[in-house]
Amino acid sequence: MLDIKIEFNSNPKKLPDKDDPLKFGTIFTDHMFIMDYTLGQGWHDARIIPYQPICLDPSAMVFHYGQEMFEGLKAYKTKDGRILLFRPDMNARRTNRTCKILCMPEIPEEDFVQAIMELVKIDKEWIPTKKGTSLYIRPFIIATDPFLGVRPSNMYKFIIILSPVGPYYPEGLDPVKIWIEDTYVRAVKGGIGEAKAGGNYAASLRAQVKAHEEGYSQVLWLDGVHRKYIEEVGAMNIFFKINGAVVTPMLNGSILPGITRDSVIRLCKDWGYEVQERLISIDEVYDAHQKGLLEEVFGTGTAAVISPVGHLRWGDHVMQINDGGIGKLSQKLYDNLTGIQLGDVPDIYDWTVEVK
Ligand SMILES: *Cc1c(COP(=O)(O)O)cnc(C)c1O
């Protein structure tokens, strides 16, 4: 159990208007959680304080060598006013796996979840209630040692901030256009691709800019060695429905083990689908499309939950999926997952945790 000191914000902000469309990640609540780590002492001084800038030495290691990790999850308000988190234990576990990869100190899982719960409770008025909205939770750890040598930092800060967010697609599920990247790569096995680290995103930007210039919203990555096997999309894992089976790249060390991915696999299996976690090449996807067997493509991630893909571009080849519309399975997954998250569908998996 953390002993969390609380300093309330005496100058609270105005809550966003109920009809504010809440663009992703632009508004932040009145408080933040912060805790320090010092080598020899461990994590200490857990506190919730008014949301404010942090003061760091310009030589703090995070600025120079990018030792940083983050997480992302959401809190939802149910119709009867309860507050639910979705599988926060999975975020706690993934945090520690990321920390191991980046040589950062781990955080006891129960402390991680406790910190989130205490902060969400204090800022619970900020959880929006309109359909499709939620409170996005962003925990992250940065290396703060003031030192320009290269080694793991001896000092860190663990911080949690909260942001009310709207539905990813204001008009409901909207199929996206995706660019298959065959020049740049995001990560390779043996690198940090399976860590939720800012560094992976820094490495992704130039491909994303290129895709945007071509009129595509996101990049689908191929493996870093052969430029052949499917990896994942931007901040989402990817699924294909081919001739009735649900296929997704196996966790191979270079893709992020998504919690939405894990949940989707479980649901599909329980609904009787054959689910295959395996290598899947872009040639296989293209071939399935040519034969009319590529029935659905969708991304999975906390932000959008399910993101149907209507159009894939691979070099000169364009694949139109489901006539650019939403697939039946994509829709069913979205309805069930968001239903469980909002407490509207019975949570037979014990995935939700109430914040009391
Ligand atoms: C966070 C993330 C995902 C999705 O993970 P969820 O736990 O489902 O939100 C997928 N890919 C990358 C690169 C990510 O950072």
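Restricting region 69-97 to residues that are more than 23 Å from Leu256 (Cβ to Cβ) and among the basic types (Lys, Arg), which is farthest from the ligand (Cβ to nearest atom)?
Lys79
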Result of the Cβ filter at 7 Å on region 84-95, keeping first residues that are more than 12 Å from Tyr136 (Cα to Cα) and partners that are within 11 Å of the ligand (Cβ to nearest atom) and of a type in the set (Asp, Glu), at least 6 apart or interchain, is Asn91/Glu71; Arg94/Glu71; Thr95/Glu71
Restricted to region 153-190 and to residues being in contact with a Leu (Cβ under 8 Å, 6 or more places away or on another chain) and assigned to a loop (DSSP other than H, G, I, E, B), the residue surrounded by the most Cβ atoms within 10 Å (Cβ to Cβ) is Val185
Of those in region 238-257 that are within 13 Å of the ligand (Cβ to nearest atom) and more than 16 Å from Val188 (Cα to Cα), the residue surrounded by the most Cβ atoms within 10 Å (Cβ to Cβ) is Ile238
In region 258-293, anything of a type outside the set (D, E, K, R), within 15 Å of the ligand (Cβ to nearest atom) and surrounded by fewer than 17 Cβ atoms within 10 Å (Cβ to Cβ) is listed as none
Here is a check on your reading of the model: is Ala304 within 16 Å of the ligand (Cβ to nearest atom) and in the same structural domain as Ala207 (by TED's automatic domain parsing)?
yes
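Rundown of residues vs (1) in contact with a helix residue (DSSP H, G or I) (Cβ under 6 Å, 6 or more places away or on another chain); (2) over 25 Å from Gly193 (Cβ atoms); (3) modelled with pLDDT of 95 or more, yes/no style:
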residue: Glu109; (1), (2), (3): yes, no, yes
residue: Gln114; (1), (2), (3): no, yes, yes
residue: Met117; (1), (2), (3): no, yes, yes
residue: Gly132; (1), (2), (3): no, yes, no
residue: Pro152; (1), (2), (3): no, no, yes
residue: Lys157; (1), (2), (3): no, no, yes
residue: Gly172; (1), (2), (3): no, yes, no
Picking from Arg82, Arg47, Arg87, the residue that is in contact with a Gly (Cβ under 8 Å, 6 or more places away or on another chain), at pLDDT 95 or above, among the charged types (D, E, K, R) and farther than 18 Å from Ala197 by Cβ would be Arg82
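For Ile326, state whether it is at pLDDT below 95, closer than 30 Å to Lys23 by Cβ, aliphatic (A, V, I, L, M) and in contact with a Leu (Cβ under 7 Å, 6 or more places away or on another chain).
yes
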Does Gly234 satisfy the criteria of being more than 20 Å from Asp287 (Cβ to Cβ), modelled with pLDDT under 95, in contact with a Ser or Thr (Cβ under 8 Å, 6 or more places away or on another chain) and within 9 Å of the ligand (Cβ to nearest atom)? yes
Within region 302-356, of all residues that are surrounded by fewer than 17 Cβ atoms within 10 Å (Cβ to Cβ) and hydrophobic (A, V, I, L, M, F, W, C), the one farthest from Met90 (Cα to Cα) is Val318
Those residues of region 202-219 that are free of Cβ contacts under 8 Å to residues at least 24 places away in the same chain and within 11 Å of the ligand (Cβ to nearest atom) come to a total of 1
Scanning region 117-153 residue by residue, those within 23 Å of Phe63 (Cβ to Cβ) and out of contact with any strand residue (DSSP E or B) (no Cβ under 7 Å at 6 or more places or on another chain) turn out to be Phe147, Leu148, Gly149, Val150, Arg151, Pro152
Any residue at all in region 98-119 that's more than 14 Å from the ligand (Cβ to nearest atom), under 17 Å from Asn200 (Cβ atoms) and of a type in the set (Lys, Arg)? yes
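The values are calculated or read from the model by the stated rules, or taken from the named source; none is laboratory data. Since the model is a prediction, treat every value here as computed from it, not as a measurement. Don't worry about glycine lacking a Cβ; one is built from the backbone with ideal geometry, like all the others, and counts go over all protein chains shown.
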